[in-house]
Amino acid sequence: MRVTLVGRVGCHLCDVAREVVERVCADLGVGWEELDVDRDVEPARRARWTEEVPVTLVDGRQHDFWRVDETRLRAALAAPAPEGPAGRAGA
């Protein structure tokens, strides 16, 4: 997965971000996953991201928070994925 969306249930900004991520990833044929900051993320990142959701990671690195800029996401995904194992949102 190149894109990880970290959000939470009931978050309207997360709903909007999900739509953008779904659209961009489908257009580009890129895999993505969604994690719940309240359940699926390790405690240090949960503390860091809890006020920033939705948080978008590209290739394991934080890309955006609060809003997903479609143009920036497309540009980031136009670059080749880095070699080797990518970082995980919960790692």
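See the values below:
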| read-out | value |
| --- | --- |
| Failed item, numbered, when Glu51 is tested on (1) open to solvent by 40 Å² or more (accessible area, probe 1.4 Å); (2) within 12 Å of the chain's Cα centre (by Cα); (3) of a type outside the set (Lys, Arg) | (2) |
| Matching entry among Asp36, Asp64 (being charged (D, E, K, R), out of contact with any Ser or Thr (no Cβ under 9 Å at 6 or more places or on another chain) and open to solvent by less than 70 Å² (accessible area, probe 1.4 Å)) | Asp36 |
| Output for region 1-27, where each listed residue is over 14 Å from His63 (Cβ atoms), of a type in the set (A, V, I, L, M) and part of a helix (DSSP H, G or I) | Leu13, Val16, Ala26 |
| Output for region 16-30, where each listed residue is surrounded by fewer than 17 Cβ atoms within 10 Å (Cβ to Cβ) and either more than 19 Å from Arg72 (Cβ to Cβ) or basic (Lys, Arg) (or both) | Arg23 |
| Near pairs, Cβ below 6 angstrom, 6+ apart or cross-chain, from region 10-36 (more than 15 Å from Thr71 (Cα to Cα)) to any residue that is modelled with pLDDT under 95 | Gly31/Met1; Trp32/Met1; Glu33/Met1; Leu35/Val41; Leu35/Ala89 |
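The values are calculated or read from the model by the stated rules, or taken from the named source; none is laboratory data. Source: prediction; values computed, not measured. Please note: Cβ atoms are built from the backbone with ideal geometry, for glycine as well, and neighbour counts cover all protein chains shown. Accessible surface areas use protein heavy atoms only, side chains included; no ligands, DNA or RNA. Shrake-Rupley method; radii C 1.70, N 1.55, O 1.52, S 1.80 Å.
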